[in-house]
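K.L.:
For reference, the structure I am asking about is given below.
The values are calculated or read from the model by the stated rules, or taken from the named source; none is laboratory data. As the structure is a computational prediction, the values presented were derived from the model and not from experiment. Here Cβ is always computed from backbone atoms with ideal geometry, including for glycine, and neighbour counts include all displayed protein chains. Accessible surface areas use protein heavy atoms only, side chains included; no ligands, DNA or RNA. Shrake-Rupley method; radii C 1.70, N 1.55, O 1.52, S 1.80 Å.
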Amino acid sequence: MLGTARAPACSAQTRSGSPCGATPMRDQEFCFWHHPDHQSEAAEARRLGGLRRRRERTLEGAYDLHERFRSVDGILRFVEIAALDLLGLDASVPRSNAMFRGALVAAKLLELGDLAERIADLEAALAKRSTDAASPFDVERDAGDARSPFHVDPNEADPPPDPALN
Ligand SMILES: [Zn+2]
(Lines give C-alpha, C1' and ligand atoms only; values in the text may rest on other atoms or scores of the structure.)
Protein backbone atom coordinates (compact mmCIF):
# COMPACT_ATOMS: atom_id res chain seq x y z
CA MET A 1 0.00 0.00 0.00
CA LEU A 2 3.02 2.30 0.02
CA GLY A 3 2.73 5.19 -2.39
CA THR A 4 -1.06 5.33 -2.32
CA ALA A 5 -2.96 8.40 -1.13
CA ARG A 6 -4.99 6.43 1.41
CA ALA A 7 -4.99 7.73 4.97
CA PRO A 8 -2.81 5.59 7.22
CA ALA A 9 -4.68 3.00 9.26
CA CYS A 10 -3.73 0.71 12.15
CA SER A 11 -2.60 -2.59 10.66
CA ALA A 12 -3.76 -4.71 13.62
CA GLN A 13 -6.79 -6.95 13.47
CA THR A 14 -9.71 -6.72 15.84
CA ARG A 15 -10.85 -9.74 17.86
CA SER A 16 -13.39 -10.52 15.14
CA GLY A 17 -10.58 -10.67 12.56
CA SER A 18 -11.44 -7.52 10.62
CA PRO A 19 -8.81 -4.77 10.16
CA CYS A 20 -8.74 -2.20 13.00
CA GLY A 21 -8.66 0.81 10.66
CA ALA A 22 -8.15 3.34 13.49
CA THR A 23 -5.70 6.22 13.00
CA PRO A 24 -2.24 4.93 13.96
CA MET A 25 -0.03 6.75 16.43
CA ARG A 26 2.29 9.30 14.83
CA ASP A 27 4.87 7.53 12.61
CA GLN A 28 3.73 4.15 13.94
CA GLU A 29 2.09 1.11 12.41
CA PHE A 30 -0.49 0.66 15.16
CA CYS A 31 -3.09 2.73 16.96
CA PHE A 32 -2.85 3.35 20.71
CA TRP A 33 -5.08 0.36 21.47
CA HIS A 34 -2.99 -2.07 19.41
CA HIS A 35 0.53 -0.70 19.85
CA PRO A 36 2.74 -3.31 21.57
CA ASP A 37 4.55 -0.54 23.51
CA HIS A 38 1.28 0.69 25.03
CA GLN A 39 -0.36 -2.62 25.95
CA SER A 40 -0.46 -1.96 29.70
CA GLU A 41 -1.68 1.63 29.26
CA ALA A 42 -4.38 0.52 26.84
CA ALA A 43 -5.44 -2.25 29.24
CA GLU A 44 -5.62 0.25 32.12
CA ALA A 45 -7.64 2.69 30.00
CA ARG A 46 -10.06 -0.12 29.07
CA ARG A 47 -10.33 -1.15 32.72
CA LEU A 48 -11.06 2.43 33.85
CA GLY A 49 -13.61 2.89 31.07
CA GLY A 50 -15.33 -0.31 32.14
CA LEU A 51 -15.23 0.74 35.79
CA ARG A 52 -16.77 4.08 34.99
CA ARG A 53 -19.59 2.51 32.98
CA ARG A 54 -20.18 -0.07 35.72
CA ARG A 55 -20.14 2.62 38.40
CA GLU A 56 -22.67 4.68 36.45
CA ARG A 57 -24.95 1.65 36.13
CA THR A 58 -24.55 0.83 39.84
CA LEU A 59 -25.37 4.38 40.91
CA GLU A 60 -28.30 4.57 38.51
CA GLY A 61 -29.61 1.33 40.01
CA ALA A 62 -28.99 2.40 43.61
CA TYR A 63 -30.60 5.81 43.29
CA ASP A 64 -33.14 4.96 40.58
CA LEU A 65 -32.77 8.46 39.17
CA HIS A 66 -34.92 7.74 36.13
CA GLU A 67 -37.98 7.21 38.37
CA ARG A 68 -36.89 9.68 41.05
CA PHE A 69 -36.85 12.67 38.71
CA ARG A 70 -40.50 12.10 37.83
CA SER A 71 -42.04 13.18 41.13
CA VAL A 72 -41.65 16.04 43.61
CA ASP A 73 -41.00 13.60 46.46
CA GLY A 74 -38.38 11.83 44.35
CA ILE A 75 -36.49 15.03 43.57
CA LEU A 76 -36.72 16.06 47.24
CA ARG A 77 -35.08 12.77 48.19
CA PHE A 78 -32.32 13.55 45.68
CA VAL A 79 -31.79 16.94 47.37
CA GLU A 80 -31.66 15.17 50.76
CA ILE A 81 -28.94 12.82 49.52
CA ALA A 82 -26.90 15.77 48.25
CA ALA A 83 -27.46 17.63 51.54
CA LEU A 84 -26.20 14.63 53.54
CA ASP A 85 -23.08 14.48 51.36
CA LEU A 86 -22.51 18.21 51.90
CA LEU A 87 -22.94 17.91 55.67
CA GLY A 88 -20.20 15.29 55.66
CA LEU A 89 -17.71 17.79 54.22
CA ASP A 90 -15.64 20.28 56.22
CA ALA A 91 -17.29 23.67 56.65
CA SER A 92 -16.42 26.09 53.84
CA VAL A 93 -17.96 28.91 51.84
CA PRO A 94 -18.56 26.64 48.79
CA ARG A 95 -20.23 24.06 51.07
CA SER A 96 -22.49 26.76 52.53
CA ASN A 97 -23.32 28.05 49.04
CA ALA A 98 -24.22 24.57 47.86
CA MET A 99 -26.37 24.01 50.96
CA PHE A 100 -28.23 27.28 50.38
CA ARG A 101 -28.88 26.30 46.76
CA GLY A 102 -30.16 22.92 47.94
CA ALA A 103 -32.45 24.64 50.45
CA LEU A 104 -33.86 26.90 47.70
CA VAL A 105 -34.53 23.94 45.43
CA ALA A 106 -36.22 22.08 48.31
CA ALA A 107 -38.37 25.11 49.17
CA LYS A 108 -39.44 25.49 45.53
CA LEU A 109 -40.29 21.79 45.32
CA LEU A 110 -42.35 21.93 48.54
CA GLU A 111 -44.26 24.91 47.13
CA LEU A 112 -44.93 23.08 43.84
CA GLY A 113 -46.01 19.94 45.69
CA ASP A 114 -48.38 21.96 47.90
CA LEU A 115 -49.92 23.71 44.86
CA ALA A 116 -50.35 20.42 43.01
CA GLU A 117 -52.12 18.95 46.06
CA ARG A 118 -54.46 21.94 46.35
CA ILE A 119 -55.32 21.84 42.64
CA ALA A 120 -56.07 18.12 42.91
CA ASP A 121 -58.38 18.81 45.91
CA LEU A 122 -60.17 21.59 44.00
CA GLU A 123 -60.62 19.39 40.93
CA ALA A 124 -62.01 16.60 43.10
CA ALA A 125 -64.42 19.02 44.80
CA LEU A 126 -65.58 20.44 41.45
CA ALA A 127 -66.08 16.97 40.00
CA LYS A 128 -68.21 16.05 43.03
CA ARG A 129 -70.33 19.22 42.74
CA SER A 130 -70.98 18.85 39.03
CA THR A 131 -72.81 15.61 39.82
CA ASP A 132 -75.22 17.55 42.05
CA ALA A 133 -78.11 19.17 40.17
CA ALA A 134 -77.84 22.54 41.94
CA SER A 135 -75.14 25.02 41.02
CA PRO A 136 -73.06 26.34 43.93
CA PHE A 137 -73.83 29.81 42.57
CA ASP A 138 -77.61 29.44 42.84
CA VAL A 139 -79.03 31.46 45.76
CA GLU A 140 -82.54 31.72 47.08
CA ARG A 141 -83.81 35.26 46.90
CA ASP A 142 -85.14 36.63 50.21
CA ALA A 143 -88.10 39.04 50.20
CA GLY A 144 -86.04 41.59 52.19
CA ASP A 145 -83.20 41.74 49.64
CA ALA A 146 -82.63 45.22 48.27
CA ARG A 147 -83.54 45.64 44.65
CA SER A 148 -80.65 45.71 42.27
CA PRO A 149 -80.05 49.19 40.82
CA PHE A 150 -80.02 47.46 37.43
CA HIS A 151 -83.38 45.85 37.94
CA VAL A 152 -86.09 47.12 35.61
CA ASP A 153 -89.66 46.21 36.36
CA PRO A 154 -91.26 44.96 33.14
CA ASN A 155 -94.17 47.40 33.68
CA GLU A 156 -91.77 50.40 33.84
CA ALA A 157 -89.82 49.43 30.78
CA ASP A 158 -90.38 51.18 27.49
CA PRO A 159 -93.17 49.56 25.54
CA PRO A 160 -92.02 47.55 22.55
CA PRO A 161 -91.99 49.62 19.33
CA ASP A 162 -95.17 49.48 17.36
CA PRO A 163 -94.50 47.18 14.41
CA ALA A 164 -96.90 49.27 12.29
CA LEU A 165 -94.46 52.25 12.36
CA ASN A 166 -91.76 50.32 10.57
ZN1 LIG B 1 -5.65 -0.55 16.07
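K.L.:
Confirm whether Leu126 is surrounded by 10 or more Cβ atoms within 10 Å (Cβ to Cβ) and either assigned to a loop (DSSP other than H, G, I, E, B) or on the phi < 0 side of the Ramachandran plot (or both).
P.N.:
Spelling it out, Leu126 is indeed surrounded by 10 or more Cβ atoms within 10 Å (Cβ to Cβ) and either assigned to a loop (DSSP other than H, G, I, E, B) or on the phi < 0 side of the Ramachandran plot (or both).
K.L.:
Among the numbered criteria (1) open to solvent by less than 60 Å² (accessible area, probe 1.4 Å); (2) at pLDDT 90 or above, which one does Gly50 miss?
P.N.:
In the conditions (1) open to solvent by less than 60 Å² (accessible area, probe 1.4 Å); (2) at pLDDT 90 or above, Gly50 misses (2) alone.
K.L.:
So which of Leu165, Leu104 ends up being modelled with pLDDT of 95 or more and open to solvent by 100 Å² or more (accessible area, probe 1.4 Å)?
P.N.:
Residue meeting the stated conditions: Leu104.
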